[in-house]
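To start, the structure itself, in structure tokens.
The values are calculated or read from the model by the stated rules, or taken from the named source; none is laboratory data. Treat the numbers as computed from the prediction; the structure is a model and nothing was measured. Positions of Cβ are backbone-derived with ideal geometry, glycine not excepted, and every protein chain shown enters the neighbour counts.
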Amino acid sequence: MRSLDHKLIHGFIIVSLCCLLAGCIPAGDTGADSGITGEELITVGFSQLGAESDWRSANTESMKSVFTKENGYELIFDDAQQKQTNQITAIRSFIQRDVDYIVLAPVTEKGWDTVLSEAKEADIPVIIVDRQVDVSDESLFTCWVGSDFELEGKMVCMWISKFLGRKGIKGEDVHIVDIQGTLGSTAQLGRTKGFDHMAKLYGWDVVAYEQGDFTRSKGKEAMFKILRNYEDVNVVYCENDNEALGVIDVLEASGRKCGGDIANGEIMVVSFDGINKQALSHLMTGEISCIGECNPMHGPRVESVIRKLEAGEEPYKYQYVSEGLFSADMSVTSVMLGGKEYKVTRKP
Ligand code: AHR
């Protein structure tokens with residue numbers, strides 16, 4: 001026993017001396033490379049749903065650039081590869097690691113009650129970002145930050161109606177298809193709902209709905225199917241830019257011209273996001289007629305929620321980002337919805 005004590009004391013002196021000489025602090029002290037002295041890092045577990053689109057990559061980057069050690073955070077990032085089961089596993093591991101905050105970008109709306117109850121039980125605040133969760137008890141999450149997807153859908157449809165109306169095209173002559181995003185996600189549910197509402201209002205002929213899963217490859221598959229089965233489609237409503245790129249690939253390969261002159265055989269393509277470079281260059285040259293803005297830069301917004309919580313304040317439960325429309329054609333300069341004017345600009 002004595003010799004063990006002796007060894008321990010001896011060891012302690014050696015370690016302390018080494019530390020003094022090297023001017024270091026013990027490994028494992030997160031202050032070592034944090035740039036923040038004397039303050040503990042706030043740990044944030046972020047479950048990102050995947051990397052299906054350029055929007056998603058920009059969103060991930062926005063989060064990573066804010067939750068840095070220099071800013072006082074330890075970020076644990078998990079990419080769920082578009083699978084809800086992976087997101088649930090990630091959240092459980094964040095709970096086990098006793099993080100300070102959980103940030104969740106959910107792939108679809110339903111199926112979160114159990115795991116969010118576990119986070120609540122562990123007393124870890126959950127901030128939902130981008131898409132929403134459909135839970136029976138709203139106290140299972142602290143707040144949500146993201147876009148009004150239904151409004152985005154309505155804005156794009158109103159733009160189509162105004163743009164074609166100026167060319168003298170009637171609602172019944174609009175033969176439109178909706179290439180939907182990941183089914184059951186708020187972005188899909190909202191954009192489809194906005195589309196359905198406006199299509200009915202304007203008397204459009206809705207030819208078909210196809211699944212595009214927010215990806216270029218699924219957008220391609222969907223457009224192939226549409227061309228095989230329907231002849232008179234003249235407008236394609238894509239629920240994001242990546243789908244639109246796939247649609248344009250197929251239309252151009254089949255000898256069609258993408259553009260707003262549908263009276264002369266062009267096929268009009270509209271979409272959402274405004275992040276992908278190729279989509280933006282198609283916007284400039286008219287292959288994409290209009291893009292509904294969807295802003296992915298949520299990192300600073302989520303961080304400001306955390307700062308509020310750290311200060312003991314209560315953030316707003318639902319925090320909507322304000323957005324507009326992009327089009328190279330400036331014959332429509334704005335749309336009015338719910339008494340509010342939304343501007344059209346040439347580019348982001
Ligand atoms: O939830 C936002 C949507 O998800 C974006 O429009 C899309 O590009 C992404 O995959």
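Selection of the stretch 150-183 for residues being over 12 Å from Gly324 (Cα atoms) and within 12 Å of the ligand (Cβ to nearest atom) yields Gln180, Gly181, Thr182. It is to be established whether one or more residues within the stretch 191-212 are within 18 Å of Ile226 (Cβ to Cβ), within 14 Å of the ligand (Cβ to nearest atom) and part of a strand (DSSP E or B). Looking for residues that are within 18 Å of Ile226 (Cβ to Cβ), within 14 Å of the ligand (Cβ to nearest atom) and part of a strand (DSSP E or B), one finds at least one in the stretch 191-212, hence yes. For the stretch 223-244, filtering for residues that are part of a loop (DSSP other than H, G, I, E, B) and either in contact with a Lys or Arg (Cβ under 9 Å, 6 or more places away or on another chain) or of a type in the set (Phe, Trp, Tyr) (or both) leaves 3.
Considering only residues in the stretch 300-330 that are out of contact with any Gly (no Cβ under 8 Å at 6 or more places or on another chain) and closer than 24 Å to Gln278 by Cβ, the one that is nearest to the ligand (Cβ to nearest atom) turns out to be Gly324.
For the stretch 248-263, the set of residues classified as out of contact with any Asp or Glu (no Cβ under 6 Å at 6 or more places or on another chain) and either within 16 Å of the ligand (Cβ to nearest atom) or within 21 Å of Gly168 (Cβ to Cβ) (or both) consists of Gly260, Asp261, Ile262, Ala263, listed by residue number.
Taking the listed residues Glu266, Glu231, the one that is at pLDDT below 95, assigned by TED's automatic domain parsing to the domain that holds Val177 and more than 16 Å from the ligand (Cβ to nearest atom) is Glu231, with no other qualifying.
Please work out which residue is nearest to Gln188 (Cα to Cα), limiting yourself to the stretch 218-228 and to residues that are more than 13 Å from the ligand (Cβ to nearest atom) and crowded, with 24+ Cβ neighbours inside 10 Å. Per the criteria, the residue is Ala222. The number of residues in the stretch 105-141 being buried (at least 17 other Cβ atoms within 10 Å of the Cβ) and within 16 Å of the ligand (Cβ to nearest atom) comes to 12.
Scanning for something more than 16 Å from the ligand (Cβ to nearest atom) and out of contact with any His (no Cβ under 8 Å at 6 or more places or on another chain), does the stretch 51-65 turn up at least one residue?
Initially, the stretch 51-65 is screened for residues more than 16 Å from the ligand (Cβ to nearest atom), giving 64-65.
In the following step, the residues that additionally are out of contact with any His (no Cβ under 8 Å at 6 or more places or on another chain) were identified as 64-65.
Yes; the residues of the stretch 51-65 include at least one that is more than 16 Å from the ligand (Cβ to nearest atom) and out of contact with any His (no Cβ under 8 Å at 6 or more places or on another chain).
Scanning the stretch 274-289 for residues that are part of a helix (DSSP H, G or I) and away from the ligand (no atom under 16 Å from the Cβ) yields Ser281, Met284, Thr285. Contact map, the stretch 59-73: residues that are closer than 18 Å to Val107 by Cα and acidic (Asp, Glu) paired with residues that are in a loop (DSSP other than H, G, I, E, B) and away from the ligand (no atom under 16 Å from the Cβ), Cβ distance under 6 Å, separation 6+ or inter-chain. No pairs are found. Is it fair to say Leu245 is within 18 Å of Ala222 (Cα to Cα) and within 14 Å of the ligand (Cβ to nearest atom)? Yes; evaluated as a whole, the condition is true for this residue. Would you mind stating whether Thr215 is within 13 Å of the ligand (Cβ to nearest atom), buried (at least 24 other Cβ atoms within 10 Å of the Cβ) and hydroxyl-bearing (Ser, Thr, Tyr)? Answer is no for this residue.
Pairs linking a residue in the stretch 235-262 that is in the same structural domain as Lys162 (by TED's automatic domain parsing) to a residue that is of a type in the set (Phe, Trp, Tyr) and more than 16 Å from the ligand (Cβ to nearest atom), with Cβ atoms under 9 Å and 6 or more positions apart or on different chains, are Val235/Trp204; Val250/Phe224; Ser254/Phe224; Gly260/Phe163. May I ask you to verify whether Glu150 is within 16 Å of the chain's Cα centre (by Cα), under 22 Å from Ile91 (Cβ atoms) and either part of a helix (DSSP H, G or I) or acidic (Asp, Glu) (or both)? No.
Going through the stretch 248-273 one residue at a time, which ones are in contact with a Ser or Thr (Cβ under 6 Å, 6 or more places away or on another chain) and closer than 21 Å to Ser217 by Cβ? Within the stretch 248-273, Val270 is the sole residue that qualifies.
Pairs linking a residue in the stretch 42-57 that is among the polar types (S, T, N, Q) to a residue that is assigned to a loop (DSSP other than H, G, I, E, B) and away from the ligand (no atom under 15 Å from the Cβ), with Cβ atoms under 9 Å and 6 or more positions apart or on different chains, are Thr43/Arg97; Thr43/Asp98; Thr43/Val99; Thr43/Asp100.
Only residues that are of a type in the set (Val, Ile, Thr), over 30 Å from Ile102 (Cβ atoms) and in a loop (DSSP other than H, G, I, E, B) were counted across the stretch 304-348, and they come to 2.
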